[in-house]
Amino acid sequence: KQWGGTLGGPIVRDKAHFFFSLERIIINEGRSSVFTTRPDKNFAISQDTDVWNVLGRVDHQLTSHHTYSMRWLFENPQFNPGNTIDSLREETDIDQTVVGQLNSIFGNTRFNTLRMSWTMEDINRSNPQYFANGQKQWELPATQSYLSFIDVQNPAGERRINHAWHLENTFTWFVPGKKGDHDIKFGTQFQAINHRFDDQTNMNGTFTFRSDAAFNPADPATYPERLSIRVPSPDNSFMQSKAIVGFVQDKWRITPRLTFSLGVRYDLEI
């Protein structure tokens, strides 16, 4: 099922306008798995994929020389991959972007663009019990890993959140008749990114079996051969990066058949 719509119009006549878009997607797929060595694990289910896409935008002409625009984009897909019916996991991905831009005209030959943006990505790849248990993977029963499948539950329990901030300014200046025509641009950019990662994968432990046979206390051949588990604590990490950029360039048109593109750029990434 897919539906949606758009709506736009004036806020202030000939000055400010808005636009809004909404899209909804629901995919309902039949899914089945057959385990020849363990028919008791066969299953057929309906797997859902849900997606929301939202876009909003506002444009405003402040004066005859200055205009600005703002836009917001939101996307949220989620689905449920997995192995056996008990080892399904959930994936959600929330993406958001906000961008603001100010355009300014100075005379007939100079133009400036100031742009600011923020982007966020929140990805969660975990088993359903991880969500329901308040994100405490170590309190869940151990996963059972057989030769052909994993069972009990998926050992995945991880989440990543990224934030990015971006600021840039570009000034354009057209200079005609100076031993040709010059289209000069110069500007600067600044970017900061935060990366936060929480990984509790396998903190519940995984029993590994040598066959697909069901566990039988009276049959030592069905016992697990090893237990692996993450200790002593979750892998919680935080990373930050920054970038500073400066550039200047000149598109120098000497004749209709000869143009030089000259420029220099400096990037500093920390």
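Here the calculated FRET efficiency for Thr49 and Ala164, from their Cβ-Cβ distance with R0 = 35 Å, stands at 0.85, rounded to the nearest 0.05. Solvent-accessible area of region 70-131 (1.4 angstrom probe, protein heavy atoms only): carbon and sulfur portion equals 55 percent. Once the convex hull of all Cα atoms in region 9-83 is built, its volume per residue stands at 83 Å³. Here the convex hull built on the C-alpha positions of region 194-256 has a volume of 196 cubic angstrom per residue.
Its Kirkwood hydrodynamic radius, worked out from the mean inverse distance over all distinct Cα pairs, puts region 111-270 at 21.0 Å. What you get for the chain, charging only the Cβ of Lys and Arg (+1) and of Asp and Glu (-1), is a dipole of about 1420 debye around the Cα centre. Straight Cα distances below 12 angstrom link Lys251 to the aspartates and glutamates Asp181, Asp183, with same-chain residues fewer than 8 positions distant left out.
Put the Cα centre of region 1-43 next to the Cα centre of region 232-270 and the gap is 36 Å. Which of the following values of Kirkwood radius over Cα pairs in Å was calculated from the structure shown: (i) 23.9; (ii) 19.9; (iii) 22.6? For Kirkwood radius over Cα pairs in Å, the calculated option is (i). Inter-label distance, Arg253 to Met70: 3.8 nm, where each label sits 7 Å from its Cα along the C-beta direction. Based on the Stokes-Einstein relation at 20 °C and a viscosity of 1.002 mPa s, and on the Kirkwood radius from alpha carbon pairs, region 83-187 is assigned a translational diffusion coefficient of 116 µm²/s. Ranked by the mean number of other Cβ atoms within 10 Å of their residues, highest first, the peptides 197-204, 90-97 fall in the order 197-204, 90-97. Per-residue ellipticity at 222 nm, computed for the chain from helices alone with -39500 (n - 2.57) per DSSP H run of at least four residues, works out to -500 deg cm²/dmol.
Counting only aspartates and glutamates at least 8 places from Lys178 when in the same chain, those with an alpha carbon closer than 20 Å to its own are Asp250. Start at zero, step by 10 Å, and the Cα-Cα distances of region 228-270 spread as 19, 22, 17, 15, 11, 10, 6, 1 percent across the bins. Between Ile193, Pro155, Pro176, the Cα set farthest toward the positive side of the dipole of region 150-229 (charges on each charged residue's Cβ, about the Cα centre) is that of Pro176. Packing, taken as the mean count of other beta carbons within 10 Å per residue, orders the peptides 185-194, 253-262 from highest to lowest as 185-194, 253-262.
The values are calculated or read from the model by the stated rules, or taken from the named source; none is laboratory data. In this text, all values refer to a predicted model and were calculated from it rather than measured experimentally. Every residue, glycine among them, receives a Cβ derived from its backbone with ideal geometry; neighbour counts consider all protein chains shown. Accessible surface areas use protein heavy atoms only, side chains included; no ligands, DNA or RNA. Shrake-Rupley method; radii C 1.70, N 1.55, O 1.52, S 1.80 Å.
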